[in-house]
Amino acid sequence: MKKNILVILGHPDTNSFCGSITQAYVDGAIGAGAEIRELKLGELTFDPVLWNGYNKIQELEPDLVKAQELIHWSNHLVFVYPNWWGSMPALMKGFFDRVFLPGFAFKYGEGSSLPDKLLTGRTAHLMVTMDTPAWYYRWVFHRPGHNQMKKTILEFCGIKVAKISEFAPIKGSSQEQREKWITLAKEHGAKV
């Protein structure tokens, strides 16, 4: 089955190192014959604040309507983003708040406190940059951002997280190390 991959760049700056990782992954996946679509959150126009919670759903901006269409089109999602303050950037969290809505990503049945998962059949790969060393993030902080993405967002909606790749620590890394990470991202894309 041909992979329809949606690559979502969660860093607000498309020229960041996350942007380089995104491009490398896309190049590798295209070379492997995958069908690719991209969303660069920093280039989308939308209000990231869910002003009324789920009491009154805000009308989706055209970029968010397109995002939902692309999520439905995909069978694999790749999220590339930095870990800031233990989790994703605020823009990315706002994207989830506005796009992964009841009726689109999940719904509650009558009298049930557990959701129906409306995005089942999809997998995801998280590609995360961090200044924190990976071992410290795992053993001292217990991976709060990874747990949030995997368990309370994606799996909650039925998306199975197949892989988490960490690029860390970015702070103090050499150009040679960054080039190795870019090569690794391209290899990940080529494995689809």
### Task
For Asp27, indicate whether it is touching a Ser or Thr at 6+ places or on another chain (Cβ under 8 Å), acidic (Asp, Glu) and part of a helix (DSSP H, G or I).
no
### Message
Please go through the range 33-68 and give me each residue that is among the charged types (D, E, K, R), touching a Phe, Trp or Tyr at 6+ places or on another chain (Cβ under 7 Å) and either in contact (Cβ under 8 Å) with a residue 40 or more places away in the chain or in a loop (DSSP other than H, G, I, E, B) (or both), ordered by number.
### Response
Glu61
### Query
Scanning for something among the hydroxyl-bearing types (Ser, Thr, Tyr), touching a Phe, Trp or Tyr at 6+ places or on another chain (Cβ under 9 Å) and not in a strand (DSSP E or B), does the range 14-22 turn up at least one residue?
yes
## Note on the structure
Ile71 fails exactly one of (1) over 30 Å from Lys171 (Cβ atoms); (2) touching a helix residue (DSSP H, G or I) at 6+ places or on another chain (Cβ under 7 Å); (3) not in a loop (DSSP other than H, G, I, E, B), namely (2)
### Task
Sort through Phe95, Phe100, Phe104 and tell me the only one that's free of Cβ contacts under 8 Å to residues at least 60 places away in the same chain and closer than 12 Å to Ile153 by Cα.
Phe100
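Let's see how each residue does on (1) acidic (Asp, Glu); (2) at pLDDT 95 or above:
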| position | (1), (2) |
| --- | --- |
| Val78 | no, yes |
| Met92 | no, yes |
| Asp97 | yes, yes |
| Glu110 | yes, no |
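The values are calculated or read from the model by the stated rules, or taken from the named source; none is laboratory data. Fair warning: this is a prediction, and the values are worked out from it, not measured in the lab. As a convention, Cβ positions derive from the backbone with ideal geometry for all residues, glycine included, and neighbour counts pool all protein chains shown.
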